[in-house]
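Student: Structure provided below as structure tokens; questions to follow.
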Amino acid sequence: MEFLGAQLRRELPAKSADRYLDLAGDRTVVMVIEQPGRRSRHRPDEHVLRVRIADQDVCARCHHASIDGTLPVAGRPIRSNAAHYARAADIISPVYIESSAPTRIDLAGGTLDIWPLYLFHDNAQTINAAISLRARCSIQPRASRGLSIVSGDTGRRVDVAHWSELHDNHELRLLGRLLHYFQADGIEVQTRSESPVGAGIAGSSALNIAVCGALVALSGRERSDAEIMQIAMNVEAQAIDVPTGVQDYRPALYGGISAVELAVDGIRRVPLPVSPADLQKRLVLAYTGASRNSGINNWEVTKRHIDGDRNVQQRFARIRDIAVAMRDALERQAWDEVGRQIAEEWENRKGLAPGVTTPEIDAILDAARNAGATGGKVCGAGGGGCLVCLGEPADVPAIRQAVTAHGGQLLDFTIEAEGLRVESRTTA
């Protein structure tokens, strides 16, 4: 209902659209139809726009049924003239949506963004940079009712007759949960990511924001940035069965280099006055070849912190201090200090839990350091995925060579100033 109501709002004045939507009530809208070349008797300068409610065609301007029958309007029936409408030759007026959102490199403060960890550490914050490896979503109409989800990354496809079937569907679970929440109908959703699966650069959160943005655009309902992020965070927690952090949705939505301040009175994103070009030319990003599950890693250390593990609590206090120092160094463009803080963050994070690092990761980071990197760390929770190294621009070629020589797969990127992009059109 919400999705095809959006088309009415695009085609009709607000009051007319709302009047139609009130009329439709709980009945299912099958399609919104425009009759090319046919003019409305109510507004001769406009094409006729109709909708189909259940088995009845209804004029979107006067709400008359197109067959002899009744539709309740304000407690009374309205009868119609069947000659007022064309029938079988009607053409669907489709809407196509394309959206994308950037992934990110987390520089410091990760995992502290999971509630309630940041409440135990005053001045908690995370530091991140959005990058050009985007997650992408496209939505197109189906020829019939129901839903199709196609993942270009996994090659999986899910087809259902109704959105309610997606609640407990374990194939493409995040996408299914999002479509279930938005109660979508009559569309095919295709997704793909430019980052490797399980890379630790917030690919799932970027995809989440991209799909949410597309579905919000299709629905026609205005939602604030805060609402979009809240929906994305809560649905992702439903999909992975553990709590999620608040950091990763912000670079996906806004782009740029930023601090995410985590306080008792709320979450604030603060853009940092850092030249994207100056940071980018010092970074090397590589995939280790092994994916990881950040939800599991983060949840284990979160539980240990809450259960009173002093080692974990002290390490998170140190991670908080490193994030503060990292932000200061970035704002001063003190690049040697930025590298030192990255190295310190990684040394501290490795002690949070077994499996945060691996012999393969250690070998790559050691080689990068020997080639001139002033700091390096795994992105995200660790255990695999991507790693990032920082060095002076003159040393970057040697660092890249050292990383690839020890099994790392280089990922080319740029710092991304733009966040969520959504484009709508009416042709394929």
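The rows are residues; the columns are (1) without any contact (Cβ under 8 Å) to a residue 40 or more places away in the chain; (2) in contact with a Ser or Thr (Cβ under 6 Å, 6 or more places away or on another chain); (3) of a type outside the set (Gly, Ala, Ser).
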| residue | (1), (2), (3) |
| --- | --- |
| Thr191 | no, yes, yes |
| Ala210 | no, yes, no |
| Asp225 | yes, no, yes |
| Asn234 | yes, no, yes |
| Val242 | no, no, yes |
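Student: Let me ask something else. Kindly indicate whether Ala259 is closer than 14 Å to Ser100 by Cα and at pLDDT 95 or above.
Tutor: Considered against the rule, which asks whether it is closer than 14 Å to Ser100 by Cα and at pLDDT 95 or above, Ala259 comes out as no.
Student: Exactly one condition in (1) among the aliphatic types (A, V, I, L, M); (2) within 23 Å of Pro276 (Cβ to Cβ); (3) free of Cβ contacts under 8 Å to residues at least 60 places away in the same chain is false for Leu420; which is it?
Tutor: So the condition that Leu420 fails would be (3).
Student: Same structure again: Among the residues of the range 361-420, how many are in a loop (DSSP other than H, G, I, E, B) and of a type outside the set (Asp, Glu)?
Tutor: 21
Student: Here is a further query. Kindly indicate whether Arg327 is under 26 Å from the mean Cα position of the chain (by Cα), among the basic types (Lys, Arg) and over 26 Å from Gly213 (Cβ atoms).
Tutor: Here the answer is yes, as Arg327 does meet what is asked.
Student: Mind listing whichever residues of the range 213-264 are in contact with a strand residue (DSSP E or B) (Cβ under 6 Å, 6 or more places away or on another chain), of a type in the set (Gly, Ala, Ser) and farther than 18 Å from Ala417 by Cα? Before the answer, list the steps.
Tutor: Initially, the range 213-264 is screened for residues in contact with a strand residue (DSSP E or B) (Cβ under 6 Å, 6 or more places away or on another chain), giving 213-214, 217-218, 243, 245-247, 250-252, 255-262.
From what's left, of a type in the set (Gly, Ala, Ser): 213-214, 217, 245, 252, 255-256, 258-259.
Once the filter is applied, which keeps residues that are in contact with a strand residue (DSSP E or B) (Cβ under 6 Å, 6 or more places away or on another chain), of a type in the set (Gly, Ala, Ser) and farther than 18 Å from Ala417 by Cα, the range 213-264 yields Ala214, Ala217, Gly245.
Student: Further, regarding this structure: What are the residues in the range 194-209 that are polar (S, T, N, Q) and under 11 Å from the mean Cα position of the chain (by Cα), if any?
Tutor: Restricting attention to the range 194-209, the residues satisfying the condition of being polar (S, T, N, Q) are 195, 204-205, 208.
Hits for the range 194-209 are Ser204, Ser205, Asn208.
Student: Looking only at the range 299-311, decide whether some residue is assigned by TED's automatic domain parsing to the domain that holds Leu112, polar (S, T, N, Q) and buried (at least 17 other Cβ atoms within 10 Å of the Cβ).
Tutor: no
Student: While we're here: With the requirement that a residue be within 18 Å of Ala381 (Cα to Cα), acidic (Asp, Glu) and more than 29 Å from the chain's Cα centre (by Cα), what does the range 330-357 give you?
Tutor: Within the range 330-357, Glu344, Glu347 qualify.
Student: Do we have any residue at all in the range 365-382 that's surrounded by fewer than 24 Cβ atoms within 10 Å (Cβ to Cβ), touching a residue at least 40 places away in the same chain (Cβ under 8 Å) and in contact with an Asp or Glu (Cβ under 7 Å, 6 or more places away or on another chain)?
Tutor: No, the range 365-382 contains no residue that is surrounded by fewer than 24 Cβ atoms within 10 Å (Cβ to Cβ), touching a residue at least 40 places away in the same chain (Cβ under 8 Å) and in contact with an Asp or Glu (Cβ under 7 Å, 6 or more places away or on another chain).
Student: Go through Ala286, Ala290, Ala277 for me and flag whichever is at pLDDT 90 or above and either surrounded by 13 or more Cβ atoms within 10 Å (Cβ to Cβ) or in contact with a His (Cβ under 6 Å, 6 or more places away or on another chain) (or both).
Tutor: Matching residue, one of Ala286, Ala290, Ala277: Ala286.
Student: Quick one: count up the residues across the range 233-248 that are in contact with a helix residue (DSSP H, G or I) (Cβ under 8 Å, 6 or more places away or on another chain) and within 19 Å of Ile105 (Cα to Cα).
Tutor: Start the filter on the range 233-248 by keeping residues that are in contact with a helix residue (DSSP H, G or I) (Cβ under 8 Å, 6 or more places away or on another chain), which leaves 233, 235-236, 238-246, 248.
Add one more test, that the residue is within 19 Å of Ile105 (Cα to Cα), and what stays is 233, 244-246, 248.
Residues meeting the conditions: 5.
Student: Has the range 153-163 got any residue that is within 17 Å of Ala252 (Cβ to Cβ) and crowded, with 20+ Cβ neighbours inside 10 Å? Don't jump to the end; show me each part of the working.
Tutor: We begin by selecting, within the range 153-163, every residue within 17 Å of Ala252 (Cβ to Cβ); these are 153.
After this cut, where a residue has to be crowded, with 20+ Cβ neighbours inside 10 Å as well, the list is none.
The answer is no, given that none of the residues of the range 153-163 is within 17 Å of Ala252 (Cβ to Cβ) and crowded, with 20+ Cβ neighbours inside 10 Å.
Student: Please state which one of Asp395, Asp328 is modelled with pLDDT of 95 or more, of a type in the set (Asp, Glu), surrounded by fewer than 18 Cβ atoms within 10 Å (Cβ to Cβ) and not assigned by TED's automatic domain parsing to the domain that holds Ala237.
Tutor: Among Asp395, Asp328, only Asp328 is modelled with pLDDT of 95 or more, of a type in the set (Asp, Glu), surrounded by fewer than 18 Cβ atoms within 10 Å (Cβ to Cβ) and not assigned by TED's automatic domain parsing to the domain that holds Ala237.
The values are calculated or read from the model by the stated rules, or taken from the named source; none is laboratory data. In this text, all values refer to a predicted model and were calculated from it rather than measured experimentally. As a convention, Cβ positions derive from the backbone with ideal geometry for all residues, glycine included, and neighbour counts pool all protein chains shown.
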